[in-house]
Structures are given as structure tokens and as C-alpha cells.
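Let me begin by presenting the structure, written as C-alpha cells, before commenting on it.
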Amino acid sequence: MASTAIARFKCGSLGPSVLLKPSKQPAATQRRHLVAASLHPPPSLCRHWSSAGDKYTSSGQHFASPISADSTNRINVLRSQSTSLTGSKGKRGLAVRANRTDQVQEASTVPDALAAQSGALADGLVGEDAGVFDVTAQKTSSWVNFTIVLAVVLAILYVVWIDPTTGFGGKYIDALEGAVGGSHEATIIALLSIFALVHSGGAALRAKAEDIIGARAYRVLFAGLSLPLAVSSVVYFINHRYDGTQLWQLRTVPGAHELVWIVSFISFFFLYPSTFNLLEVAAVDKPKLHMWETGILRITRHPQMTGQLLWCLAHTLWIGNSFTLVTSLGLCAHHLFGVWHGDQRLEAKYGDAFRTVKARTSVVPFQAIIEGRQKLPQDWYKEYLRVPYFVIVGFTLGAYFSHPLMQQGSFWLHW
């Protein structure tokens, strides 16, 4: 006999779901059909099965066949026990099997691939678990390719943009300075504005561009345009950071250096969530628009904005002149725009799933936690004991101790 039970879940409240349609397959095959108890699909993925058997129609309402109240209660119990059902080798979650009597018979695990596709886990997550790095799942060839890609990109960047004899970077800076009358403050604003236009504009076109040329080709084009502009802005800031009018002087205040260092160090934990998917950044793996929900995302939904504000605060206080102040205002304006723009892109892609994440996270750091909308797990600290965060620590320390080298390199360019 075919199983006709379909669990009734509210559509549009959490994220993409697993659809269990009426089946005429053997009982052994039917037993493999799992209904993820925590999954609530958005309207775009809901399927309202008709009484005609395997046919279905799109629906923004509910799945057709109800499940008994007793089974619903048992599902809720299983959901509350989901942490004890975490599997091994990347498998986690909770699933329940529905038979023709609408009874929940057993719990199983949902593979990571299924969880990623559905966008929900039994521990209540709708987005992705950020910073997960399984060493056993890594391919040596992928990281070899990453190293090769990185080396090639840097070589091309040097020849085409940085090298004073062959690159266009110096000519680009000279053209902008001439256009704004030589003002260093106006030049840095022009640099940041052009970068923001290309970077955010490219992000806005991502979905359409990926449909036309593919995700990897888009990432290469996007990086090829953004990276030279970012390098120009950074080098120009380093070379002119002490220009302009001195507004205050805190460098002689005891403890000021230590405070600035600590704030800057913390800022990098927010600034670089891209370490969660380095292979995608280099287009070794197929790039995706991620909706992270754990780790630093529990503190703020927009960590890069928070990190940039902290970095600007620290460096503006330390240097204290008009050039750094103008630079910081430009950077903060771009990242504040990115808050709105990023939410728009995620909502367009994930719909109700993103709205659920948005409801239990905040832009202002810690606001959702203080208001009780974000419930921290008891072992929340383990979400930071992951490889990407250690990479950030190493990168931050390396960047600090490399300041003299960066300053020498920037001065050599005379931008």
C-alpha cells in the first residue's frame, strides 16, 4: 500500500523543505522517506498535493494531508531532544518517518547536504552554521588549486595594476587627483565612491550575471574589478594618513595605543566572515550567497559593518586628522548602505527563511540577545573554536606586525 501521509507544516515561516509526496514504492523504499520535523518551507517551495495522487500544485498555504495531534506532540518532543541525535561525519539534525497511520515511528539524521538544501536544522537554525571546517572533508587538490589561483591573481594584479612601469594604478590615482584639484580628502572620497559603485553594483547584478555567465565566471569578473580598486584605496590611505588638519592628539595619552590595538583586533573578527568560505572566494568551489546564522552572526547580522565601524573608530581616534576622519566617514557610509543592500539580496533569495533570521538577529551588536530574540546555546563559545576564527587571529597578528612592510611598499609606489 502506498503511504499517503504528509505532515502539515506551516508554509512560508522558515525555509526550503523536504517534500514527501504520496508514493507507490515498496515499503522498504517508503521507510527511507523522512519528514524533517523542523522544516517550514516558503511559499515558493510549498507544494499542495492534490487528491489525484502524485500531482501537486503550488500553494502558499499548508501541506494537504494533516498529521494527528498525537504525532505532532511527539514531533515536538523529538525536536526538543535533537541535540542528542547529532550524527557523525557531518550528519546532524532530526527527521521523523510518517507512515499511513500518521504516527511518528523513529528518529534519524539528516545529512549536511540535505540540511544545506533545506536551509533548516532541527536545532532551530534556518540559516547555515557559520565557520564549520571539517578537515576530513577537505580535498588536497582544492587547496592546491586555491594556492595556484591566489598566486596567479596576485601576479596579474602586480603586473597590470601595481608595477609602476607596467601597471595602470598610478595613472588611475593621478587622474583622480587631477579631477578633484589635488585635494587628498576629495581623492580618497572619489576612490571609495568608485569602489563602492563597482563593488555594490556588481553584487546587485550577481543573480542575473550568474544566470548568464555562471557563478565562477561572475566571481572572477567581480574580483578582477574590485580588487585593484580596493588596493588603490588602501595604498592611498597609507601614504596620506597623516595629511590634512590635525583635529586632536591622543597618541601621547597613556593607554591609548593599547586601547586602539584591542579595538582594531576585535574589529577583524567582524570584518572577515569571508574566511568561512575561502574556496568559494577564489572560485575553486562554486560561489554561493550564504545566509549564515551562528557564531559572530548571533551578535550582529552584519558583522562587516560592525567591524568596519570599529576599525574606523580606532584609527580615527589614534591619528586624529581630517584625512582619516573623511576616510572613515566614507567607509562607514558604504557599509551602512551594505546593511540595507545585503538584507535586500538575502530576502530576494531566501524569502521567508531570511525574514525568520532577521527577526531573531539584529544590526546593532547584541541587541537581539538583550531583547531575548536571539537565544544563545549553552555551548555558544564552541562556535568560535573553529578554524576560520583561528585564521582571522593569525591574519590580524600578521597584519599588525607587517605594518612597517605595508608602509614601505605603499611609499615605494608614490600613489
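Per-structure values
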{"quantity": "One residue from 355, 360, 386, 373 being in contact (Cβ under 8 Å) with a residue 24 or more places away in the chain and basic (Lys, Arg)", "calculated": "386"}
{"quantity": "Matching helices (runs of 4 or more DSSP H) fully within segment 252-325 where at least 1 residues are surrounded by fewer than 20 Cβ atoms within 10 Å (Cβ to Cβ) and touching a residue at least 40 places away in the same chain (Cβ under 8 Å)", "calculated": "256-271, 278-281, 303-319"}
{"quantity": "Yes/no for residue 237 being modelled with pLDDT of 95 or more and among the aromatic types (Phe, Trp, Tyr)", "calculated": "yes"}
{"quantity": "Condition met for residue 150 (modelled with pLDDT under 95, within 19 Å of residue 354 (Cα to Cα) and of a type outside the set (Ser, Thr, Tyr))", "calculated": "no"}
{"quantity": "Segment 180-225 - residue that is among the polar types (S, T, N, Q) and over 19 Å from residue 170 (Cβ atoms) and, of those, farthest from the chain's Cα centre (by Cα)", "calculated": "193"}
{"quantity": "Neighbours by Cβ (under 8 Å, 6+ apart or cross-chain): first from segment 153-178, loosely packed, with under 14 Cβ neighbours inside 10 Å; second assigned to a helix (DSSP H, G or I)", "calculated": "164/170; 164/413; 166/159; 166/160"}
{"quantity": "Yes/no for residue 248 being touching a residue at least 60 places away in the same chain (Cβ under 8 Å), assigned by TED's automatic domain parsing to the domain that holds residue 357, surrounded by fewer than 18 Cβ atoms within 10 Å (Cβ to Cβ) and touching a strand residue (DSSP E or B) at 6+ places or on another chain (Cβ under 9 Å)", "calculated": "yes"}
{"quantity": "Residues of segment 390-407 satisfying the condition of being outside any helix (DSSP H, G or I) and among the hydrophobic types (A, V, I, L, M, F, W, C)", "calculated": "none"}
{"quantity": "Residue, nearest to residue 309 (Cα to Cα), within segment 256-283, restricted to residues that are modelled with pLDDT under 90 and of a type in the set (S, T, N, Q)", "calculated": "274"}
{"quantity": "Qualifying residue in segment 347-355 (condition: basic (Lys, Arg) and buried (at least 19 other Cβ atoms within 10 Å of the Cβ))", "calculated": "no"}
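Residue-by-condition table, conditions (1) buried (at least 16 other Cβ atoms within 10 Å of the Cβ); (2) of a type in the set (A, V, I, L, M); (3) in a helix (DSSP H, G or I):
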{"residue": "357", "(1), (2), (3)": "yes, yes, yes"}
{"residue": "368", "(1), (2), (3)": "yes, yes, yes"}
{"residue": "373", "(1), (2), (3)": "no, no, no"}
{"residue": "378", "(1), (2), (3)": "no, no, no"}
{"residue": "382", "(1), (2), (3)": "no, no, yes"}
{"residue": "388", "(1), (2), (3)": "yes, no, yes"}
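The values are calculated or read from the model by the stated rules, or taken from the named source; none is laboratory data. Note that the structure is predicted; figures quoted are calculated from it, not measured. When we count neighbours, we look across all protein chains shown, and the Cβ atoms used for this are built from the backbone with ideal geometry, even at glycine.
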